[in-house]
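The values are calculated or read from the model by the stated rules, or taken from the named source; none is laboratory data. Computed from a predicted structure; not experimentally measured. All Cβ positions, glycine included, derive from the backbone under ideal geometry; neighbour counts span all protein chains shown. Heavy atoms of the whole protein, side chains included, go into the accessibility calculation; ligands, DNA and RNA do not. Shrake-Rupley method; radii C 1.70, N 1.55, O 1.52, S 1.80 Å.
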Amino acid sequence: MTPQARERLGRVAVWAPRILLGLTFMLSGWAKCVDPWGFVYKIEEYLTVWGLISAIPRELTLVCAVGLSIFEFLTGLALATGSLRRGAPVAATAIMAVMLPLSAYIAIANPVSDCGCFGDLWVISNTATLAKNIVLTALAIYLLVANRRAKPLYRPALQWLVLAMGGVYVLVLAVVGWQLQPVVDFRPYPVCSELLADMPEDEEFYIYEKDGSSERFTLDALPDSTWTFVERIGGEAVENSRLALFDAEGEEVTDEVLDTGGCALIIITVPEPGLDYLSRARMANEINDYAREHDMDMIAAVASSGDALERWYNIARPHFPVYSASDTSLKELVRGFQGLVLVCDGRIVLKRNFSYVSPEILEEDDPFGSLLNPSDGRVAVWLTGALAAGLVFLWLTDRLFGLKERKNRGKGND
């Protein structure tokens, strides 16, 4: 083998692990930054199993969730571009030093149905997660030794700019995902999908109860031990829609409430109407008045039932009907403590965090059409396109200056 061939083979032996490990880290961090609410829910699932849920405030959980997601994405970006050839493998190894033992514990003890490594983008089993992390750990350790054997895509002076651009990108994703809605929706109810979709045939479901409310789970996603098993259903077509609404008497009214044609607004809120919602209850009633004037229905769906639902109604004093639904289905429909969903002819048209809807919305000619709808995919295309264009521009600039420097050195040698 010629020296040139050995050199090329050596570069491939470094770049292949760089790209594989880097893209995996980027995908994992990106999926969690896109949906910070989902990652917070997953962390809280772990905390519930470990008995720490009441000891750690959600604000701290959010900071840790976003911080970890950004760090993971930037580590992957540095690896995939060959930047920070010393620091990037160290960061990757440090991440895997935590994630490998955690995945081993999850595979053995099975405290949660899935690790949440890729959010809702890609759900894999706990055993597959352990196998994946073993491979990633081996690649990270290999790059600790071999990463400096291949040059980076960008010169050192530009590498921090590359990471800064990537950091701004994922931070914007996280902020939009937390305050508005995820810019890419991997849940069962994305924008433009049918809200009332029947469950598949011949699939078994397990009913569990907790704190007076019951929910339906599949065999591969059973809840933790704090839930009480009630019954198993399945084996035939399930006629109820995935989103089930119940009135104060516990009767399901999903079809008669939502399958009426035209447009309808759904306010999604927390089990107890705290100060955050009460401060916007008047606005919700004003939106209801607007909806009635324009031949639109409006309802509220809350994760309460029985006496809790009646208490919610008495405290919030809504001018529109209020129904109960499972906490899980509401979290799948819209992220946030309070959500606003617009449905037209059975299809989801708009999803927004109601907490960040301006009171001046009703002064617009088309109030709901003027709202930014991040989950329709356009925001994701704009942001990702801007990052890709910036990285390509930096790479072309780097190549141009490198070419000029080589020409200048050649002239100096003449």
note = Only one of (1) surrounded by fewer than 18 Cβ atoms within 10 Å (Cβ to Cβ); (2) modelled with pLDDT of 85 or more; (3) part of a loop (DSSP other than H, G, I, E, B) does not apply to PRO200, and that is (2)
inquiry  = Between LEU27, LEU21, LEU47, LEU52, which is in contact with a helix residue (DSSP H, G or I) (Cβ under 8 Å, 6 or more places away or on another chain), open to solvent by 60 Å² or more (accessible area, probe 1.4 Å) and within 22 Å of SER103 (Cα to Cα)?
reply    = LEU27
ask   = If you go through segment 120-129 one residue at a time, do you hit one that is in a helix (DSSP H, G or I) and under 27 Å from ARG85 (Cα atoms)?
value = yes
query = Taking only pairs six or more apart or across chains, which ones have beta-carbon atoms under 8 Å, a first residue in segment 310-327 that is open to solvent by 10 Å² or more (accessible area, probe 1.4 Å), and a second residue that is of a type in the set (D, E, K, R) and in a helix (DSSP H, G or I)?
reply = HIS319/ASP289
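Rundown of residues vs (1) more than 17 Å from the chain's Cα centre (by Cα); (2) in a helix (DSSP H, G or I); (3) aliphatic (A, V, I, L, M); (4) at pLDDT below 95, yes/no style:
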residue: GLU45; (1), (2), (3), (4): no, yes, no, yes
residue: LEU52; (1), (2), (3), (4): yes, no, yes, yes
residue: LEU68; (1), (2), (3), (4): no, yes, yes, no
residue: PRO89; (1), (2), (3), (4): yes, yes, no, no
residue: MET96; (1), (2), (3), (4): yes, yes, yes, no
residue: LEU102; (1), (2), (3), (4): yes, yes, yes, yes
residue: PRO111; (1), (2), (3), (4): yes, no, no, yes
residue: GLY116; (1), (2), (3), (4): no, no, no, yes
query = Would you say ALA131 is of a type in the set (Gly, Ala, Ser), open to solvent by 30 Å² or more (accessible area, probe 1.4 Å), modelled with pLDDT of 90 or more and within 20 Å of ALA31 (Cβ to Cβ)?
reply = yes
query = Looking at segment 338-381, which of the residues that are open to solvent by 20 Å² or more (accessible area, probe 1.4 Å) and of a type in the set (S, T, N, Q) is modelled with the lowest pLDDT?
reply = SER370
task = Quick one: count up the residues across segment 140-174 that are open to solvent by less than 70 Å² (accessible area, probe 1.4 Å) and in a helix (DSSP H, G or I).
result = 17
remark   = Result of the Cβ filter at 6 Å on segment 62-85, keeping first residues that are surrounded by fewer than 24 Cβ atoms within 10 Å (Cβ to Cβ) and partners that are assigned to a loop (DSSP other than H, G, I, E, B), at least 6 apart or interchain, is THR81/LEU153; GLY82/PRO152; GLY82/LEU153
ask   = Taking segment 362-376 on its own, how many of its residues are touching a residue at least 60 places away in the same chain (Cβ under 8 Å) and either touching a Lys or Arg at 6+ places or on another chain (Cβ under 8 Å) or farther than 18 Å from ASP297 by Cβ (or both)?
value = 5
